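Here the structure is laid out as structure tokens; the discussion comes afterwards.
The values are calculated or read from the model by the stated rules, or taken from the named source; none is laboratory data. In this text the structure is predicted, and so the values were computed from the model without any measurement. A quick note on method: Cβ atoms are made from the backbone with ideal geometry, for glycine too, and the neighbour counts reach across all protein chains shown. Keep in mind that these areas ignore ligands, DNA and RNA; they rest on the heavy atoms of the full protein, side chains included. Shrake-Rupley method; radii C 1.70, N 1.55, O 1.52, S 1.80 Å.
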Amino acid sequence: MTAQRQVPNHIAIVMDGNGRWATRRFLPRVAGHKKGVDALRACVRHCGDIGVKVLTVFAFSSENWNRPAEEVSGLMELLAMALSREVPQLHKEGVRIHFVGDRSSLSEKVRHGLAQAEQVTAGNTRLAFNICFNYGGRWDIAQAAAGLAARGEAITEASLDRAMALNHVPDPDLLIRTGGEMRISNFLLWQAAYTELYFSDKLWPEFDAAAIDAAIADYAGRERRFGRTSAQLSGGDRRKKAA
Ligand code: IPE
Ligand code: IPE
Ligand code: MG
């Protein structure tokens, strides 16, 4: 099996630990989020370089509104700033940006930045980069079901899947959570049904290319059975189902 084949097609990441990274350095939490943007820039580049086709990151959850007002507004400003600063370079690198989440409660400025980023990069095919912002797995399932109900369509696994926010990409193969917590925190509840989970104690600002490679190496050693037995898989190409 070549190294190329072991690279997951779709990686999802809960980028956790920015606040602790800053607090340990006696810095305000927002400084940790800024450092987190640097880590994300490097991560997007590395994923593109090694042949990952889809990268989905959790940047702001439906529940993160409950944080202190100054942290929430700091995160909103950071998103708007990061979009205007980073999009031209991402575009050059062939990255297609998708925003995933509830736009309705975001400011006009942020919504405009997101729409612009999506529009500018719409023709790119090297790496699909999904930014989950004001996103929750429960929100996604509920909005998908509500959409089907409003259109009078039957609710089935297939119809819900099509109505879900990440319907433009296959399910994630590998979900990484940094920052040491072993929970999903309302991330891809529907889409992660058979995703391989990887938890790292590293804080997100410290999660570099080598750490991504370590997660991928761990993933490459997993056996994805999708409900079958190990013996059934060893008869054929065990990666076929994962592709
Ligand atoms: C993750 O880092 C980023 C967001 C939730 C926006 P945190 O801000 O949760 O960092 P910790 O968990 O407090 O260290
Ligand atoms: C999950 O991190 C959300 C993001 C990384 C955007 P949190 O820090 O909000 O999760 P909990 O509160 O520890 O579960
Ligand atoms: Mg956290």
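If you roll a 1.4 Å probe over the heavy atoms of the protein chains, what accessible area per residue do you get for the stretch 86-243, in Å²?
Solvent-accessible surface per residue comes out at 51 Å².
Running a GNM on the chain with Cα contacts under 10 Å, which residue among 156, 121, 56 ends up with the highest mean-square fluctuation?
156
In whole Hz and in residue order, list the ³J(HN,Hα) couplings for the stretch 25-37 that follow from phi through the Karplus curve 6.51 cos²θ - 1.76 cosθ + 1.60, θ = phi - 60°; x for Gly and Pro.
Karplus values, whole Hz, x for Gly and Pro: 9, 6, 10, x, 4, 4, 4, x, 5, 4, 4, x, 5.
So what is the diffusion coefficient of the stretch 89-139 in µm² per second by Stokes-Einstein at 25 °C and 0.890 mPa s, using a Kirkwood Rh over Cα pairs?
214
Under 15 Å between alpha carbons, and skipping anything fewer than 8 positions from residue 109 in its own chain: which aspartates and glutamates qualify?
77, 118
Identify, among 121, 18, 30, the residue whose Cα sits farthest towards the positive end of the charge dipole of the chain, taking +1 on the Cβ of Lys and Arg and -1 on the Cβ of Asp and Glu, with the dipole about the Cα centre.
Positive-end residue among those listed: 121.
First compute the accessible area of the stretch 61-140 with a 1.4 Å probe, then give the percent of it belonging to carbon and sulfur atoms.
Carbon-and-sulfur percentage of accessible area, whole number: 51.
Can you work out ³J(HN,Hα) from phi for every residue in the stretch 188-201, in order, using Karplus 6.51 cos²θ - 1.76 cosθ + 1.60 and θ = phi - 60°, giving whole Hz and x for Gly and Pro?
These are the phi-based 3J(HN,Hα) values: 6, 4, 7, 6, 8, 3, 10, 7, 7, 9, 9, 10, 10, 7 Hz.
Once the mean 1/r over all distinct Cα pairs of the chain is inverted, what Kirkwood radius in angstroms do you read off?
That comes to 18.9 Å for the chain.
Mind listing the long-range amide H neighbours of residue 175? Cut-off is under 5 Å, sequence gap 5 or more, other chains count too, H placed in the peptide plane at 1.01 Å from N.
12, 196, 197, 198
Along each of the three principal axes of the Cα atoms of the stretch 151-243, give the extent in whole Å, ordering the values from largest to smallest.
Projected onto the principal axes, the Cα atoms of the stretch 151-243 cover 47, 38, 21 Å.
Quick one: grab the alpha carbon gyration tensor of the stretch 18-131, order the square roots of its eigenvalues as a ≥ b ≥ c, and give me rounded if a/c is under 1.5, else prolate or oblate depending on whether a/b is larger than b/c.
oblate
Debye sum, Cα scatterers, the stretch 72-212, no solvent: what log₁₀ I/I(0) at q = 0.19, 0.21, 0.22 1/Å?
Here the Debye-derived log intensity ratios amount to -1.39, -1.48, -1.48.
Just to be sure I understand: if I project the alpha-carbon convex hull of the stretch 1-83 onto a plane and average over all orientations, what area do I get in nm²?
Directional mean of the projected Cα hull area for the stretch 1-83 stands at 6.5 nm².
Step through the residues of the stretch 65-74 one at a time and calculate ³J(HN,Hα) from phi using the Karplus curve (6.51 cos²θ - 1.76 cosθ + 1.60, θ = phi - 60°), rounding each to whole Hz and writing x for Gly and Pro.
The phi angles translate into 4, 6, 6, x, 3, 6, 6, 4, 5, x Hz.
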